[in-house]
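Engineer: Sending over a structure as structure tokens; questions will come in a sec.
Please treat every number below as a calculation from the coordinates, not as lab data. Because the structure is predicted, anything quoted here is derived from the model rather than measured. Counting neighbours? That spans all protein chains shown, and the Cβs are built from the backbone with ideal geometry, glycine included.
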Amino acid sequence: MTKHDFRAMGTTFELVVEAPAADRAFAEAEAEVERLEQIMSRFRPDSELSQLNRDGAIDASQDLAEVVELALAARERTGGRFDPTVHDALVGAGYDRTFDDVGDTAAAATWSRCRGGVTVTGRRIELEPGFKLDLGGIGKGFAAERIAQLLALTAPSLVSAGGDVAVRGVPAEGTWAVAVDDTLTLGLTHGGLATSGCDRRRWRRAGVEQHHLIDPSTGRPAETDLIRVTAVGTDAVDAEVLAKDLFFAGSLEALERDLPAVLVTADGRTLTTGGLT
């Protein structure tokens, strides 16, 4: 196995290829992630997404149009629990810069409406006035899938974009071992895995604790009996959407749905569903 790590999209990308060397593939992967970040980052004022958020409409690249369509499909599929129009709510909660720079402040949080209208016609994207998009989580899943596909031209590969995992091909060991926490490891042969949680990325505004998982129905950081969900999906994007959906749903509904996931509750229990052990 050959491994390579680098920072991008506000997180660490971890690349694994079952080959004795993959320097050229790793360089191409880094370049592709940089290109995608320049398209999808809301923290880069010159990104394509930032232009869309400023202007309200844009003739977009194929990649941006595809990610926005994926986000809208996820909103429909989850009944609005996943929503790309949480941008202003995130900013109001204090997530107005990358996680490396977010910190406590005396300023009070402010709340904004979510569930704004978005239309995609071909490559034309139009936003309802007063709404902006955030593509952070689904963008990382999209990037993980793109890079795994690129690396697979060299050998079986695994990509983790800050916990959004995509795999291509089966390694000689028969499965990709992915650590969920210090005590639990899942084996993947195909598909993807993603984790959403509020236990590691927290800050305070005017003394009130905040986190980045916004409930679109309230525009506020979600209140649920779960602190973390790791979900297995058909790919990294599917897993990202499922992890957020189950997190907002809470443990009772998540258990009833019995989808492949690991649930960590606020009172310290770790529950597995969907046949995971």
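Engineer: Is the C-alpha gyration tensor of the chain telling us rounded, prolate or oblate? Criteria: a/c under 1.5 is rounded; beyond that, a/b larger than b/c is prolate, otherwise oblate.
Structural biologist: It comes out oblate by the Cα gyration axes.
Engineer: Another question about this same structure. Under the rule of at least 5 residues apart or a separate chain, name every residue whose amide H is placed under 5 Å from the amide H of residue 220.
Structural biologist: Sorted by chain and number, the residues that satisfy this are 215.
Engineer: Continuing with this model, one more query. How large is ³J(HN,Hα) for each residue in the stretch 143-150, as worked out from phi by the Karplus curve 6.51 cos²θ - 1.76 cosθ + 1.60 (θ = phi - 60°), to whole Hz, x for Gly and Pro?
Structural biologist: Calculated HN-Hα couplings, in order: 5, 4, 5, 4, 6, 4, 5, 5 Hz.
Engineer: Report, by chain and number, residues whose modeled amide H sits under 5 Å from the one on residue 47, excluding near sequence neighbours (fewer than 5 apart, same chain).
Structural biologist: none
Engineer: In whole Hz, with x marking every Gly and Pro, tabulate ³J(HN,Hα) for the stretch 236-242 from phi via Karplus 6.51 cos²θ - 1.76 cosθ + 1.60, θ = phi - 60°.
Structural biologist: 5, 5, 4, 5, 4, 5, 5
Engineer: Further question on the same structure: Run the numbers on the stretch 2-273 and let me know its relative contact order in percent, using alpha-carbon pairs under 8 Å that are six or more apart.
Structural biologist: Over the stretch 2-273, the number comes to 18 percent.
Engineer: Given R₀ = 35 Å, what would the calculated FRET efficiency be for residue 105 paired with residue 172, taking r from the Cβ atoms and rounding to 0.05?
Structural biologist: E between residue 105 and residue 172, to the nearest 0.05, is 0.10.
Engineer: Something else about it: If a/c stays under 1.5 just call it rounded; otherwise compare a/b with b/c (prolate if a/b is bigger, oblate if not). Do that for the stretch 217-277, with a ≥ b ≥ c from the square roots of the Cα gyration tensor eigenvalues.
Structural biologist: oblate
Engineer: Give me the one-decimal nm value for the distance between modelled label points at residue 51 and residue 27, 7 Å along each residue's Cα-to-Cβ direction.
Structural biologist: The answer from the label model is 2.9 nm.
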